[in-house]
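Read through the structure below, which is laid out as structure tokens, and then see the notes.
The values are calculated or read from the model by the stated rules, or taken from the named source; none is laboratory data. Remember, predicted model here, so these are calculated numbers, not experimental data. Cβ atoms come from the backbone with ideal geometry, glycine included; neighbour counts cover every protein chain shown. Heavy atoms of the whole protein, side chains included, go into the accessibility calculation; ligands, DNA and RNA do not. Shrake-Rupley method; radii C 1.70, N 1.55, O 1.52, S 1.80 Å.
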Amino acid sequence: LYAIGRELAGQLDLRQLLQRVLDRTLESVGAASGSILVLDEDGQVIEGALAYDGKVHDHTAERLAATFEQGLAGWVVKQRQSALISSTLDDPRWLRRPLEEGDGDSRSAMCAPLEARGRIVGVVTLVHPQAGHFTDEDMTLLQAIADQASIAVENARLFRAEQEERSFASTLQEVARIMNSALEPSLVFPGVLEQLERVIDYDSASIFIEENGRLTLVAAKGFKDNRKLIGATLPPERVEVTTADGVT
């Protein structure tokens, strides 16, 4: 607990914080793999870390959330209580999935919620390939770690949200400046797409304007032959383009 407390002190980078907490927790109870998820005010997974094969890996929130609702972590959050499973083969709370990385030999598991300021802000799950590996003492230690980490995780989440809000406001100001500084579409609209990329993680984007009942492409990014597309017109009822990776 002392070592984990030191890891938490002053750490406001959410992803780095989760990786450190998970790594220390695995070491503390001798778990083979595990995960830690962060939830927003609506109970949706927004960040997380997954550990297997002896190291912590980065995964998208979408992938981590894929089995959250139906699995043990979802049950723990809904019930607002910890869970210790001696055998995953005999417990209906454990979601059995096809063999994939990080989920190969999960025979015993335990899971604890992270609660801060009256709500569940996250959940940590640990697994081991041997049935009956975790004891009641391990469960007590995991809950103590979760209690200690919960405030740090929530502070880091709020810090990230504040940074994103500031970045969004800054981007809106820059977009307004660009649109007010030039009247030529060939200069304005590409600048808008570049600014939006600062706050929106997109693969491709385009801007069409309506002219005489048709849509005219005035800016594009992430498509094959972006420049050749500029000026193309399409009926407003159907817009079909192909991204750089071949998606239509």
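Brief remarks on what is shown
- Projecting the Cα atoms of LEU193, LEU1, HIS128 onto the dipole axis of the chain, where Lys and Arg carry +1 and Asp and Glu carry -1 at the beta carbon, places LEU193 farthest toward the positive end.
- Choice from PRO92, PRO129, PRO235 with maximal GNM fluctuation in the chain (Cα, 10 Å cutoff): PRO235
- Cα centroid separation, the stretch 140-199 to the stretch 1-35 (Å): 26
- Residue among ARG214, ARG166, ARG119 with the largest mean-square fluctuation in a Gaussian network model of the chain, springs linking Cα atoms under 10 Å: ARG214
- Accessible area per residue in Å² at 1.4 Å probe, computed on the chain: 56
- Structure remark: mean-square fluctuation, Gaussian network model of the chain, C-alpha springs under 10 Å; the largest value among ALA116, ALA176, ALA83 belongs to ALA176.
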